[in-house]
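Here is the structure we will look at, set down as structure tokens.
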Amino acid sequence: QVQLVESGGGVEQPGGSLRLSCAASGISFSGSVMSWYRQAPGKQRELVAAIFSGGKSTYPDSVKGRFTISRDNAKKTVYLQLNNLKPEDTAVYYCNAGLGGNYYWGQGTQVTVSS
């Protein structure tokens, strides 16, 4: 059974930083594409970062230069460093693992950016 457990969310002021973690089990982590998505109230879920098995990463323009995704295959954990946070970054952040055409989701962690 695949499990993805996110942690690290919370409340931060604009300009602040947070680090999200997603611990995976039950999946071949090193071969998986690991991604972070977010969903704000009333909006569709959107991709914010992805990292491939070889380590290459990709980001949408909205977070490029502020968010950094990384992975530790030995710990089966993917991270998302969020810097220079903005109120519009407020959302539930979800971890996603993709392998062989199958995709799995974590339960999400809330990030709130407010002064």
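At-a-glance table
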item: Proximal aspartates and glutamates relative to Lys76, as straight alpha-carbon distance under 20 Å, when same-chain residues fewer than 8 apart are discounted; result: Glu6
item: Rg to Rh, two decimals, where the chain supplies the alpha carbon set and Rh follows Kirkwood; result: 0.95
item: Proximal charge balance of Phe29 [Cβ under 13 Å; K/R count +1, D/E count -1]; result: +2
item: DSSP-defined antiparallel bridges as percent of all bridges, the chain, nearest 5; result: 95
item: Within the range 76-106: backbone nitrogen closer than 18 Å to the Ser53 label point (7 Å, Cα to C-beta); result: 76-78, 96-104
item: Highest-MSF residue in the chain out of Ala50, Ala91, Ala74 [GNM, Cα springs under 10 Å]; result: Ala74
item: Cα centre as origin, Lys/Arg/Asp/Glu Cβ charges: the chain dipole, Debye; result: 180
item: Contact order normalised by residue count of the chain, Cα under 8 Å, 6+ apart, percent; result: 36
item: Reachable lysines from Lys64, criterion Cα separation under 22 angstrom, eight or more residues apart if same chain; result: Lys43, Lys56, Lys86
item: Largest to smallest accessible area among Leu20, Leu47 [probe 1.4 Å]; result: Leu47, Leu20
item: Stretchable slack from Ser115 to Val2, in nm (0.36 nm times residue separation minus alpha-carbon distance); result: 37.0 nm
item: Modelled FRET efficiency - R0 22 Å, Ala40 with Asn102, Cβ distances, 0.05 increments; result: 0.25
item: DSSP-assigned coil residues among trypsin sites (Lys or Arg not before Pro) in the range 7-63, each with at most 10 further Cβ atoms within 10 Å; result: Lys43, Lys56
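The values are calculated or read from the model by the stated rules, or taken from the named source; none is laboratory data. A quick note: this is a predicted structure, and the numbers were derived from the prediction, not measured. Positions of Cβ are backbone-derived with ideal geometry, glycine not excepted, and every protein chain shown enters the neighbour counts. Surface areas here come from the heavy atoms of the whole protein model, side chains and all, with no ligands, DNA or RNA. Shrake-Rupley method; radii C 1.70, N 1.55, O 1.52, S 1.80 Å.
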